[in-house]
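Here is the structure we will look at.
What follows draws every value from the coordinates through simple rules; no lab data is involved. Only a predicted model underlies this, so the values are computations on that prediction, with no experimental measurement involved. Every residue, glycine as well, gets a Cβ built from its backbone with ideal geometry; the counts of neighbours run over all protein chains shown.
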Amino acid sequence: MTTTAPGASAGHQAARRRRNAARLRRGLVYAGLTAGVVAMLAPFVWMVLSAFKTDRELGASPTVWIPTQWTLEHFRELLDLLDMGLHFFNSTLVAVAVTVCNLVFCSMLGYALAKLNFLGRGPVFAVVLGALMVPSTLMLMPMFVMMSRMGLIDSYAALILPFAAGAFGVFLMRQFMLSVPDELLEAARIDGASEWYIFWRIAMPLVKPALATLTIFTFLGSWNNFLWPLVATNDPDRYTLPVALATFAIDPTKADGSNGVLMAGAFLVVLPVLLVFVVLQRYFTQGIATAGLK
């Protein structure tokens, strides 16, 4: 007949309590994360479902989440009342141009700050860091005055040039360029490669996760930008989607109080951003993981 020592029994009980406490903590963490995800996704899900509801279901009480009768009437009404093709083209042109400019210029400056020794490198990087601390709204008036004196108001250039290179993009690319091995670059220089060749053929392929991250953030910021396009454009033919949808929402002769039409417009505004993220999410995840290891 075997007996269990009192000390061993107490040790098993303590281990069991620790396991139970760990399970409880893990359960609380999962519950908190689930609540956060639900709170974050609920407005988006409501917007998407509302775009396909009838006006009767939109105003129903209690609230109807899933449409019983799916309809595309709100989308047809939106396309009849608003020139979505023109505004979609404006948003796409501006967002793509701003994104491409940031990828090129921010990468070039980030590479120079990380890998090249030149006079004033420290002060230039200090200016970049200082620019990160300036609220964007403070720059609206200087940018407007500059664009106005250049005669660029109500033009695509006024929507693109002020955002062709951002301090965040320069800082992000510099941090990733620091991870490129100096030995690899020196070997290329010894072989006679030009600095331009080294930048495009060696450094840039090694920072693809950073480029994907910068693409997502820049495209998202440019696509959703509302305040500057509202200030810089007076011609409706130059309105981007957020501005066009906002002016449409406050025009009683067009929106006519239909929340379904506004939900349909909001869904069309969000859709391209989701597609960009889905295409680049693998590189974006790698970029975040790599940044966490620095």
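Values for this structure:
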quantity: Under the span-like rule (Cα at least 27 Å along the axis, Kyte-Doolittle mean at least 1.0), DSSP H helices of the chain; calculated: 84-115, 259-293
quantity: D (Stokes-Einstein, µm²/s), Kirkwood Cα radius, the stretch 6-50, 1.002 mPa s at 20 °C; calculated: 162 µm²/s
quantity: Over the stretch 62-183, equivalent-ellipsoid semi-axes from the Cα gyration tensor in Å; calculated: 40, 21, 15
quantity: Within the chain, helix-based [θ] at 222 nm, where runs of 4 or more DSSP H residues each add -39,500 (n - 2.57), nearest 500; calculated: -23000 deg cm²/dmol
quantity: Protection proxy ranking, peptides 216-226, 261-271, average beta carbon neighbours within 10 Å, highest first; calculated: 261-271, 216-226
quantity: Read-out P(r) over Cα pairs in 5 Å bins from 0, in percent, derived from the coordinates shown; its label in [x] 1, 6, 13, 18, 20, 17, 13, 8, 3, 1, 0, 0; [y] 1, 5, 8, 10, 12, 11, 11, 10, 8, 7, 5, 4, 3, 2, 1, 1, 0, 0, 0, 0; [z] 1, 5, 11, 15, 18, 18, 15, 10, 5, 2, 1, 0; calculated: [y]
